[in-house]
Amino acid sequence: MSATHEQPDAFGEFEVRAELSAGPSGKAYLAYDARLNLPVVVCTTAVRGRRKDAAIVDALQALCAADVTHPNIARPLASGIEAGTPYIVYAHIPGVSVQALLEQNGPQSPRDIVDCLTPVAAAVDFAASLGMHHGALTPADIIVEDEKVVVTRFGLVDALTGTGLSVAVQQPHASPERLAGAAPTMADDVHSLAAVALTMLEGVTQDQRTSRGRRKSLDSAESTPPLTPSEEETLRTAVGVDASLLRQAMSRASSGTPSMRQSTATEFVDELRRALVQEEVSAETGRIIPVALVVAVLTAGVWFAGSLLDGTRGEQSPAPAPQGATPQDSQPPPASPPAAVTVPSDASKESAAPEEPAPARPTPAPPRATPATPGRNAARAARTNQRPRAATTPPAAAAETGPGALLASSTPPGAQLFVDGVLVGTTPLLLPGVTPGPHAIRLELAGFQPWSSSVEIAPNQRYRLTVNLEQ
């Protein structure tokens with residue numbers, strides 16, 4: 001390892017290319033396995049206590065050998081100790097962490113949060129069924145890529161705690177019991193999952209939340225500990241949710257009494273899902289209308305129409321209208337099907353002129369909004385950098401003017417990425433807010449031939465670029 005603490009040269013045989021994330025429990029590095037010619041991710045763990053290297057090596061090797069097969073759990077490939085720091089190696093996942101998404105896109109919508117945390121909760125519950133817990137879950141541990149969500153570091157805290165070490169944790173994601181040094185349990189992971197949800201809702205990073213100050217000490221007798229003023233405001237102003245149900249779910253999971261929390265992670269996410277409000281969007285005004293209100297209005301209309309029919313029974317029916325006539329009072333007004341459209345903040349303010357309404361004719365009731373498929377938040381977050389809001393431009397105009405995104409990865413990773421001659425970062429990289437149209441792309445990595453090409457970014461689409469660099 002190098003003398004600097006910011007970035008080591010290698011962990012064992014794995015050459016470090018870039019730092020991916022950092023948190024109180026450790027760091028994640030993008031590295032390269034020269035033997036297999038594959039990119040990998042090395043996760044280190046910050047520990048306290050007297051180290052027994054032989055015991056640590058045995059515990060980490062046992063973790064790598066454990067049969068934990070789940071689509072949302074990253075399985076470790078190798079492990080070791082480098083300069084006193086325990087580390088574990090995972091296959092490279094070509095996605096971005098939730099922490100990176102928050103840094104790039106800010107607050108996530110409640111529906112996107114539920115979509116993202118549903119598979120995370122499934123992973124937590126599956127691991128618990130095997131007697132394994134996370135114990136230090138943060139947004140940096142959750143990797144999203146299109147419709148796939150993967151969680152890293154499962155079982156690492158359990159393994160190291162068993163050797164007599166204490167893994168460093170920090171509020172707001174760690175429970176009071178974990179802060180006190182207790183071994184991780186399901187209740188701790190539920191608490192951490194709620195903290196991740198609140199972090200995503202606020203759109204702040206670990207450092208920003210820590211800098212706001214820790215919560216007040218929790219009284220163990222309290223079933224629902226007080227939230228900070230900023231957290232209360234976040235829950236109260238969240239769009240598309242029942243604020244009361246949302247606060248109830250968050251307060252239970254954040255309780256200072258472990259027995260008061262939800263019994264499983266899935267139970268917590270289900271409570272979040274029940275807080276979501278099904279919505280329709282008016283095509284004429286762009287105003288969001290709760291589905292419950294729509295149903296109530298339609299029901300009242302049917303009742304009123306039935307009352308009129310009852311009151312006019314026995315009376316002579318009016319003469320039929322001439323064939324082909326369409327009296328204004330006998331036909332509903334023209335309407336366009338509503339569509340829930342999110343408008344990125346940096347989208348062009350110009351919009352296409354709305355089309356002329358079609359001739360009046362009976363129009364079937366618009367379909368209700370369908371909940372998003374779990375795990376799709378990454379794709380939507382890449383296309384918008386703020387919470388969804390009611391559309392103010394026609395859907396066609398929004399689709400034509402919205403920015404795109406570029407997800408670039410390379411083998412080996414760690415290449416410098418230039419877009420139109422400007423260095424924007426190193427691979428793998430998710431670059432949101434890209435202006436639609438052609439862009440010149442160039443990748444440079446020491447020891448490899450430069451690669452360049454032109455790509456066409458479509459509005460509101462994510463372009464995935466994967467390059468194998470040649471030596």
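The values are calculated or read from the model by the stated rules, or taken from the named source; none is laboratory data. Since the model is a prediction, treat every value here as computed from it, not as a measurement. In this analysis, Cβ positions are derived from the backbone assuming ideal geometry, glycine residues included, and neighbour counts consider all displayed protein chains.
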Consider ARG50 against the criteria (1) outside any helix (DSSP H, G or I); (2) surrounded by fewer than 23 Cβ atoms within 10 Å (Cβ to Cβ); (3) in contact with a strand residue (DSSP E or B) (Cβ under 8 Å, 6 or more places away or on another chain): it satisfies all of them except one. Which criterion is unmet? (3)
Please go through region 435-471 and pick out each residue that is closer than 19 Å to GLY95 by Cα, among the hydroxyl-bearing types (Ser, Thr, Tyr) and surrounded by fewer than 17 Cβ atoms within 10 Å (Cβ to Cβ). THR466
Specify the residue that is nearest to the chain's Cα centre (by Cα); the eligible residues are those in region 73-97 that are outside any strand (DSSP E or B) and on the phi < 0 side of the Ramachandran plot. GLY95
Looking only at region 1-47, filter to residues that are of a type in the set (Asp, Glu) and surrounded by 13 or more Cβ atoms within 10 Å (Cβ to Cβ); which one of those is modelled with the lowest pLDDT? GLU19
So in region 118-172, with the set limited to residues that are part of a loop (DSSP other than H, G, I, E, B) and without any contact (Cβ under 8 Å) to a residue 60 or more places away in the chain, which one is surrounded by the fewest Cβ atoms within 10 Å (Cβ to Cβ)? GLY131
Could you please let me know if THR210 is β-branched (Val, Ile, Thr), in a helix (DSSP H, G or I) and either modelled with pLDDT of 80 or more or surrounded by 13 or more Cβ atoms within 10 Å (Cβ to Cβ) (or both)? yes
The one condition SER79 fails out of (1) in contact (Cβ under 8 Å) with a residue 60 or more places away in the chain; (2) surrounded by 17 or more Cβ atoms within 10 Å (Cβ to Cβ); (3) of a type outside the set (Asp, Glu) is (1)
Among the residues of region 213-245, write down those that are more than 22 Å from ALA265 (Cα to Cα), among the hydrophobic types (A, V, I, L, M, F, W, C) and at pLDDT below 80. ALA221
Would you confirm whether or not region 94-104 contains a residue that is free of Cβ contacts under 8 Å to residues at least 40 places away in the same chain and acidic (Asp, Glu)? no
Show the residue pairs meeting these rules: Cβ distance below 6 Å; 6+ apart or different chains; first residue within region 411-439 and acidic (Asp, Glu); second residue modelled with pLDDT of 85 or more. ASP420/HIS439; ASP420/ALA440
